[in-house]
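FYI, it's all coordinate maths here, none of it is from the lab. If you're wondering where the values come from, they're calculated on a predicted model, not measured in any experiment. For neighbour counting, all protein chains shown are included, and Cβ atoms are generated from backbone atoms with ideal geometry for every residue, glycine included.
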Amino acid sequence: MFALTGCAKGESAAGAPKADAEMPVAAAELKTVADYFPIHVGDKVVRVQIAATMPEMQRGLMGRAFIAADEGMVFLYEKPQQMSFWMRNTPTALDIGFFQADGTLGEIYQMYPFDETPVSSLGDDYTLALEMNQGWFGKHELKPGAKISLKELAAALRARGFRPEKFGVPAE
């Protein structure tokens, strides 16, 4: 997947978070994009990876032939924007949900393996996207208006060494 964004301030050239006195987690204990975090979407708990740097977002779920039933990836952005994703080198059919800064799901789209046609949000007020296996949102009856847990997302960001406020996610 590829998302159109800029490199986040406070990151090294490789996209890793820089040391920051405000970060509560010691550098040796930081989680990476490979780690999973439990986060509620509606009343369903999912295990998600957090893509918060440009290299992580550009890689996304590329090359993954299998994604477990309730696993996915959250893509976080510093500012509200229209989002655009594609399926370059991605062999697994996915759903993508676009969420506003308050955690409200606004739009859901299906994406198809290896399709490089951009899937863009209609709205320009989204700060995060969630990719899950295709059909996941429908199977769990999650529609626009559902919420993602910002509290759990903030905890995951802190575990990754990021300040949640950088992405508009309330720290508490």
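Overview of results
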{"quantity": "In range of the label at Val45: residues from region 134-155 whose backbone nitrogen is under 14 Å from the point 7 Å along Cα→Cβ", "calculated": "149, 152-153"}
{"quantity": "Estimated Rh, region 67-147: Kirkwood, alpha-carbon pairs, angstrom", "calculated": "12.6 Å"}
{"quantity": "Net lengthening on full extension, Ala65/Ser84 (0.36 nm per residue, minus Cα-Cα)", "calculated": "4.6 nm"}
{"quantity": "Simple label model, 7 Å out from Cα along Cβ direction - Tyr109 to Ser149, nm", "calculated": "2.9 nm"}
{"quantity": "Length-normalised contact order for region 63-172 - Cα pairs under 8 Å, 6+ apart - percent", "calculated": "31 percent"}
{"quantity": "Projected area averaged over orientations for region 31-166, convex hull of C-alpha atoms, nm²", "calculated": "7.0 nm²"}
